Amino acid sequence: MIGDMKVPVAVLIVLCIGSLLFGVPTYADVTVAIAAVTDATICAVAAYLNTPTMHLPGLAIEHQHDISLPHTLLFEESDIGSYTPFFRPKQQNFFSMLLDTARGPLNAVALQFLTVHEWEVGHAVLTGVATTEWGEGMTLPLLMGYAISGMQIDPIVVDVDVNVKGSRLSTPVHIVGSFMIVSSGESFIDIEPLSLRINGRGVE
């Protein structure tokens, strides 16, 4: 199950006024852009946990020298609509889905986000960088174990500086800020914005 993306009411007010006066992105544009960035981040983590690591189009993943968790996500004209085939099992039967879960314990979660938001090629293309901050003591083996067993994972803070463009936006959106990925176990993930700047306009 997937939690809803909560966009603060202040964002709506600022964008509604700004779109009339200054031609800034609409509320719908920002909602789509934020969903694209958060979904792409979740997909990046899921791809990293695959054995072997899955390489998504336009996405490079780096980790710090002292930890093996994904730390820096580099997006270069990365089309989120192109991710879906990588996470969809080639055969829809119990055994193939079981093998896919063993290969990538968060693949099903990533596919849920991609299908619920109905991403198609060209809808949203990302360029920029995101960095992750993991809970104290978290390691790759622990993360793999939590993901496989469906246990709750400590919140992950993600700092982003990403441009989003595509056919589902009326104008490109530049997002700078941070959000938190919250897991309550049982494949439920919620996204909580912490601070955002949309095309240079601060929204807390």
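Using 12 Å as the cut-off for backbone N distance, which residues of the range 32-58 belong to the label zone defined by a point 7 Å from the Cα of Ile148 along Cα→Cβ?
51
Between Glu77 and Arg197, what length in nm is gained on full extension when 0.36 nm per residue of separation is reduced by their alpha carbon distance? Present the calculation step by step, with values, prior to reporting the outcome.
Values: separation 120, 0.36 × 120 = 43.20 nm, distance 2.09 nm.
The span from Glu77 to Arg197 would gain 41.1 nm if fully extended.
Hey, fewest Cβ within 10 Å first, where do Ile175, Ile148 land in order?
Details: Ile175 25, Ile148 13.
Ranked by crowding around the Cβ, least crowded first: Ile148, Ile175.
Arrange the following residues from fewest to most other Cβ atoms within 10 Å of their Cβ: Phe86, Phe113. It would help to have the intermediate numbers written out before the result.
Numbers: Phe86 19, Phe113 23.
Placing the least packed residue first, the sequence is Phe86, Phe113.
What residues qualify as long-range amide H neighbours of Ile189, i.e. H under 5 Å apart, gap of 5 or more or another chain, H built at 1.01 Å from N?
Gly3
Every number here is computed from the coordinates shown, using simple stated rules; none is lab data. A quick note: this is a predicted structure, and the numbers were derived from the prediction, not measured. Positions of Cβ are generated from backbone atoms using ideal geometry, with glycine treated the same way; all protein chains shown enter the neighbour counts.
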